[in-house]
Amino acid sequence: MSVVEDQQAERFGEASVRYCLRIVAIAAFAVIAGQLIGLIYSGPTPDIINSFVLLFAAAVVFSSLAAALGYVLWLALRGEGHPLSRMRMVVAGSRDALIDRIVPTLAVFIFLGAFGSFKAMIPNVIPFWADSLLSNADRVLFGTDPWRITHALIGPFGTRFLDIMYGVWFPAWGFTLVYFGCFAKLPEQRRFITAFLLVWIIEGIVLAAFLSSVGPCFLGLIHHPYAARYDMFPINAPEAARSQAILAGAYLNHHVGIFEGISAMPSVHVGVSALLVMSAWKNRFWLAAALLFWAAIMVASVHLGWHYAADGIVASLASALIWYLVGKQSRDHRPLVRSGLRLGTA
């Protein structure tokens, strides 16, 4: 490459390091803040070494070792005299992958381990107050409680399907995060990871605190006068019933894990699902699949008693705005070169 291209590549490398450090700093701040909040309110501390972190780390280590072994065997079969000496090239190239791919993705999973601490502390900082407002807003928008509409239209089989789909939400965004973090082009990766973090921070912490609410299925837990509006149970939704019992027990016992803690508005389930739609916008197949998934989560969140319809509406609009603003910022600060690709000097 020319001197100018070398300088551009160096600047891009510095930008990659800065981006990686920013993501790590956000995760570290979340962990430290979660520890402090836990101490102040005698609540749960961040679950740093959580199942997502362990699974991702194990997958990275296993796949790296398998790839290294395969590379050595391939060189040996080709008749290389000293195949192990060629591994230095792989090790040298792994630095970029570590900075650009592995560390930022792992930092996001660590951040999510601290998220439960913030969510659990919401009612201690701002007591639940918005349920009456949200329940009445649903009645204004739909003319009745939205769950009554879904229950009139969806039978037991549909309820069971929605119950399963609501559980599929975890692996859906988990695999999407790994794809964008480890395999997508760097501009797309950074846009998704940045937007993903902002959805959890803005929707799951900031808005959830200002609009502190428990949601329909937990109104009886706090002895809310509107609990009688949501007499939809029992229904054929064992997964939802089990999860709601776990969350209720954690709330009463002041113990919260990585994705425990009670908060309704806005719905992070719907917000993250909407983000998956935004990220699939350029591919018709994945866009259609993401839209169907978002619709299923939106309906399930109301049908299973987790959320008010207003929770999903606000979350979807917020995610779309976050995706747009992150994309606009990315376009305004577009790098000159991509790692390993020659893009010219303009």
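The values are calculated or read from the model by the stated rules, or taken from the named source; none is laboratory data. Note that the structure is predicted; figures quoted are calculated from it, not measured. Note that each Cβ is placed from the backbone with ideal geometry, even for glycine, and that neighbours are counted across all protein chains shown.
Observations on the structure shown:
- In the condition set (1) within 30 Å of MET121 (Cβ to Cβ); (2) of a type in the set (A, V, I, L, M); (3) at pLDDT below 75, LEU36 is compliant with all but (3).
- Residues located in region 276-303, provided they are of a type in the set (Phe, Trp, Tyr) and either surrounded by 15 or more Cβ atoms within 10 Å (Cβ to Cβ) or not in a helix (DSSP H, G or I) (or both): TRP281, TRP286, PHE293, TRP294
- The selection criterion, being in contact with an Asp or Glu (Cβ under 7 Å, 6 or more places away or on another chain) and either at pLDDT 85 or above or of a type in the set (Lys, Arg) (or both), does not hold for SER273.
- Residue match in region 151-170 (condition: in contact (Cβ under 8 Å) with a residue 60 or more places away in the chain, closer than 20 Å to MET265 by Cα and polar (S, T, N, Q)): no
- Residue check, PHE218 at pLDDT 90 or above and of a type in the set (Phe, Trp, Tyr): yes
- Condition check for PHE175: at pLDDT below 95, out of contact with any Lys or Arg (no Cβ under 9 Å at 6 or more places or on another chain) and hydrophobic (A, V, I, L, M, F, W, C): yes
- Taking the criterion of being in contact (Cβ under 8 Å) with a residue 60 or more places away in the chain and either in contact with a Phe, Trp or Tyr (Cβ under 9 Å, 6 or more places away or on another chain) or closer than 9 Å to THR105 by Cβ (or both), the residues of region 174-185 that qualify are GLY174, THR176, LEU177, VAL178, PHE180, GLY181, CYS182.
- Summed over region 185-213, residues that are under 21 Å from GLN329 (Cβ atoms), hydrophobic (A, V, I, L, M, F, W, C) and in contact with a Lys or Arg (Cβ under 9 Å, 6 or more places away or on another chain) total 2.
- Each residue in region 108-129 was checked for being modelled with pLDDT of 85 or more, farther than 23 Å from HIS223 by Cα and aromatic (Phe, Trp, Tyr), and 2 of them qualify.
- In region 132-189, residue surrounded by the fewest Cβ atoms within 10 Å (Cβ to Cβ) [restricted to those that are aromatic (Phe, Trp, Tyr) and closer than 26 Å to TYR308 by Cα]: PHE157
- Among residues of region 274-323, those that are under 17 Å from ALA195 (Cα atoms) and touching a residue at least 40 places away in the same chain (Cβ under 8 Å), counted: 13
- Failed condition for LEU219, given (1) crowded, with 23+ Cβ neighbours inside 10 Å; (2) within 20 Å of the chain's Cα centre (by Cα): (2)
- Close pairs from region 235-262: first more than 19 Å from ASP131 (Cα to Cα) and assigned to a loop (DSSP other than H, G, I, E, B), partner modelled with pLDDT under 90 and among the charged types (D, E, K, R), Cβ under 7 Å, at least 6 apart: GLY257/ASP47; ILE258/ASP47
- Test: residue in region 200-212 that is outside any helix (DSSP H, G or I), more than 19 Å from the chain's Cα centre (by Cα) and under 20 Å from SER117 (Cβ atoms): yes
- Selected residue [under 27 Å from the mean Cα position of the chain (by Cα), modelled with pLDDT of 70 or more, on the phi < 0 side of the Ramachandran plot and among the aliphatic types (A, V, I, L, M)] from ALA15, ALA76: ALA15
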